[in-house]
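What follows is a single structure, written as structure tokens, with notes after it.
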Amino acid sequence: MEATRRPRADDLLVLLAVARTGRYTSAATHLGLDHTTVARRIAALEDALGGRVVAQSASGWELTDLGRTAAETGGRIEAALSQLDDGGGETPDPVAGVVRMSATDGFSAYIAAPAIADLRLEHPRLTVEIVAATRRAAEHRAGLDLEVVVGAPQTRRAHAVKLGTYTLGMYASRDYLARTGTPATREELERHRLVYFVDSMLQVDALDLPRRLVPGMQDGLTSTNVFVHVEATRAGAGIGLLPCFAADRHDDLVRLLPSVFAEKLPYYMVARPESLRLPAVAALADALRARTRASRAMLDGLTA
């Protein structure tokens with residue numbers, strides 16, 4: 001397929017919406033178009049560029065190499081239009097438009113959210129969408145500019161950088177301990193029920209800690225959401241294996257056997273190199289790195 005004409009800016013913006021959502025229907029809803037119009041715009045863009053810009057996968061439509069280059073241009077167009085919406089200016093702010101990232105629940109709440117709030121004070125035309133999920137990094141996940149994952153990612157085409165570490169510890173509520181007694185050894189701890197992730201749905205190998213740390217401990221309440229772990233532990237559903245930065249915020253939780261259970265896990269940020277060339281994505285990546293460094297004591301459980 002050979003290029004036949006110059007691509008239209010509108011078609012590049014449609015591609016950008018498909019890249020962010022991974023689906024024609026979702027992109028159509030976002031743009032106020034119908035599904036067939038989105039498909040027609042993508043076909044027109046492929047005709048203009050002389051190649052495929054998207055390919056279908058199990059998770060939706062993903063960008064090809066040509067599509068990623070085109071979407072990068074679409075991002076610059078979106079940023080320029082955002083600047084015009086703001087009344088224009090002598091020096092347009094390139095950190096504008098929409099950036100979508102994925103991160104774990106805890107990182108999203110305690111690192112990403114405040115980092116983004118500070119970043120938007122300087123760049124008010126920037127919009128960040130956070131998809132909270134605990135999963136392994138993908139070579140390319142449709143619709144995402146950045147991912148923050150737990151554990152070293154196995155990716156070849158994406159750029160991965162270690163942000164820092166956080167500590168997991170065993171916690172129980174004061175009421176729970178008053179009712180059951182405080183375990184003083186690992187063996188006594190294993191007589192209690194565990195509050196943690198759903199084992200059969202756990203996607204991150206680094207988080208499969210209970211099978212190694214307390215193999216005799218049975219599940220009590222499990223969830224895919226770390227904030228459910230915290231609240232269930234506070235409610236007395238069992239003993240929770242919790243991030244210290246989430247648990248230490250609650251005076252009704254007591255950390256158990258900290259010299260025995262203090263597991264450090266790494267956070268990694270993953271992005272494709274072409275995404276990091278977009279000013280808005282690069283600015284968000286820098287903000288996340290800076291906020292993680294500034295939060296080192298909190299993440300390591302040293303601020304209780």
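Each value in this text was obtained by applying a stated rule to the coordinates, not by laboratory testing. Keep in mind the model is a prediction, meaning the values are calculated, not measured. So basically every Cβ, Gly included, is an ideal-geometry build from the backbone, and we count neighbours across all protein chains shown.
Structure notes:
- Share, in percent, of DSSP beta bridges within region 163-304 that are antiparallel, nearest 5: 70
- Computed magnitude of the charge dipole of region 165-265 (debye, nearest 20; Cβ of K, R +1, Cβ of D, E -1): 140
- Residues whose placed amide H lies under 5 Å from that of HIS159, excluding near-sequence neighbours: ALA271, ARG272
- For the chain, the residue among VAL98, VAL254, THR36 whose Cα projects farthest onto the positive side of the dipole built from Cβ charges is VAL254.
- Gain in span if fully extended, ALA294 to ARG191, counting 0.36 nm per residue against the direct Cα distance: 33.3 nm
- Pairwise FRET efficiency - ASP175 versus LEU265, Cβ, R0 = 35 Å, nearest 0.05: 0.75
- Highest GNM mean-square fluctuation among THR29, THR224, THR292, for the chain modelled with Cα contacts below 10 Å: THR29.
- Shape of the chain, Cα gyration tensor, a/c cut at 1.5: prolate
- Karplus-based coupling profile of region 209-222, in residue order and whole Hz: 7, x, 4, 9, 6, 9, x, x, 7, 8, 5, x, 9, 10, with θ = phi - 60° in 6.51 cos²θ - 1.76 cosθ + 1.60 and x standing for Gly or Pro.
- Taking amide hydrogens as placed 1.01 Å from N in the peptide plane, the amide H of VAL128 sits under 5 Å from those of VAL99, each at least 5 positions away in sequence or on another chain.
- Helical contribution to [θ] at 222 nm, DSSP H n ≥ 4, -39,500 (n - 2.57), averaged over the chain, rounded to 500: -11000 deg cm²/dmol
- Antiparallel content of DSSP bridges confined to the chain, in %, to 5: 60
- Proximity of backbone amide H atoms, modeled 1.01 Å from N, is registered between SER223 and TYR196, PHE197, VAL198 at under 5 Å, excluding neighbours fewer than 5 places apart on the same chain.
- Helix 35-49 and the longest principal axis of the Cα set of the chain meet at an angle near 60°.
- Ranked list, fewest to most other Cβ atoms within 10 Å of each Cβ, for MET298, MET269, MET170: MET298, MET269, MET170
- For region 201-302: Kirkwood Rh in Å [reciprocal of mean 1/r, alpha carbons]: 16.1
- Summing Cβ point charges (Lys, Arg +1; Asp, Glu -1) relative to the Cα centre of the chain gives a dipole of roughly 480 debye.
- Using alpha-carbon coordinates, inclination of helix 279-294 to the longest axis of the chain, degrees: 20
- Exposure proxy ranking for TYR196, TYR267, based on other Cβ atoms within 10 angstrom of each Cβ and starting from the fewest, stands as TYR267, TYR196.
- The gain in end-to-end length when the ALA184 to ALA152 segment is fully stretched comes to 8.2 nm, 0.36 nm per residue minus the alpha carbon separation.
- Helix 9-21 vs. the chain, principal-axis angle (Cα, 0 to 90°, nearest 10): 20
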